[in-house]
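K.L.:
To start, I am sharing the structure in question, which I have written as structure tokens.
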Amino acid sequence: MEALIQKAFDEIGARLTDERFGRRFAIDIVTRSRVEAYQFQLPHNDQLEIEVVDVHSHLRQLVLDVTGQRLPVSGRYLCGHDESHWFVAGLEFGRKTATVRGAMESLKPPLVRREQRRKGIRHRLDRRTTAAYIRQGEWFFLPRPKMQVDAELIEYRGELVRNGGKPHRVDELFRVPGREEVFVRGNVRHRDHQTIFFDLWHRVVQNTEVFPDPADIAADKLRQIAWID
């Protein structure tokens, strides 16, 4: 592991363990002796260039660029600490994601950013709780204080879950028929995050992380997934 990369992870208080080899590049969170650590999976048949683009020690996050010399694989990643665990999130390339704060903002869906502007929120945009939303992991919750839902349409003890992810369990969930809109009320629980409680309905929106599709790496096609947490 190059000294500059090790130094950057040291600055945010994260551990790096020995890399492993596989078919493609990946960043994983592994547990060694009950301590979480980052582990890079390096492709057998390529030499990668890994560059730390930005480090924010106070927020305990950094931005990492990865470029392959032979394989058409490239990626930008936000690595950091959220509540009690480390995470890694895929980012789009661009000027706005070249800093930690810009990368964090890029993970907010357009609906969340519009709500920020509407509420006049201009500072401390990295907070998990603002007047515009509350965030738990990869999910944003936007208050809808005037919303009423017929009790017969409420799903009790529902789940918010991504493919391969650990579920966020909710007391009450409402899916709008024929539309991709979800609302929750009551407790929202996840074993890696602090439980939050909503006495009013909240719109649920997932973050906008992107990753290369493992099934089509040669085309570098992107798809949306969720935070590794």
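K.L.:
Report, ordered by the first and then the second residue, all pairs with beta carbons closer than 6 Å, sequence separation of six or more or different chains, a first member in the stretch 73-88 that is in contact (Cβ under 8 Å) with a residue 12 or more places away in the chain, and a second member that is in a strand (DSSP E or B) and acidic (D, E).
P.N.:
Short answer, once both residue conditions are applied: R76/D65; W86/E36.
K.L.:
Mind counting the residues in the stretch 81-103 that are touching a His at 6+ places or on another chain (Cβ under 9 Å) and at negative phi?
P.N.:
Count: 7.
K.L.:
Is it fair to say V149 is touching a strand residue (DSSP E or B) at 6+ places or on another chain (Cβ under 8 Å) and touching a residue at least 24 places away in the same chain (Cβ under 8 Å)?
P.N.:
Criteria met by V149.
K.L.:
Among the residues in the stretch 77-97, are any touching a helix residue (DSSP H, G or I) at 6+ places or on another chain (Cβ under 7 Å), surrounded by 14 or more Cβ atoms within 10 Å (Cβ to Cβ) and assigned to a helix (DSSP H, G or I)?
P.N.:
Scanning the stretch 77-97, I find at least one residue that is touching a helix residue (DSSP H, G or I) at 6+ places or on another chain (Cβ under 7 Å), surrounded by 14 or more Cβ atoms within 10 Å (Cβ to Cβ) and assigned to a helix (DSSP H, G or I), so the answer is yes.
K.L.:
Of the residues R135, R175, R114, R122, which is within 30 Å of L78 (Cβ to Cβ), out of contact with any helix residue (DSSP H, G or I) (no Cβ under 9 Å at 6 or more places or on another chain) and either surrounded by fewer than 10 Cβ atoms within 10 Å (Cβ to Cβ) or not β-branched (V, I, T) (or both)?
P.N.:
Criteria check complete, one pass: R114.
K.L.:
Out of V66, V53, I need the residue that is within 30 Å of I134 (Cα to Cα), assigned to a strand (DSSP E or B) and in the same structural domain as T97 (by TED's automatic domain parsing). Which one?
P.N.:
Result: V53 is the single residue among V66, V53 that is within 30 Å of I134 (Cα to Cα), assigned to a strand (DSSP E or B) and in the same structural domain as T97 (by TED's automatic domain parsing).
The values are calculated or read from the model by the stated rules, or taken from the named source; none is laboratory data. Note that this is a predicted model, so its numbers are computed, not measured. In this analysis, Cβ positions are derived from the backbone assuming ideal geometry, glycine residues included, and neighbour counts consider all displayed protein chains.
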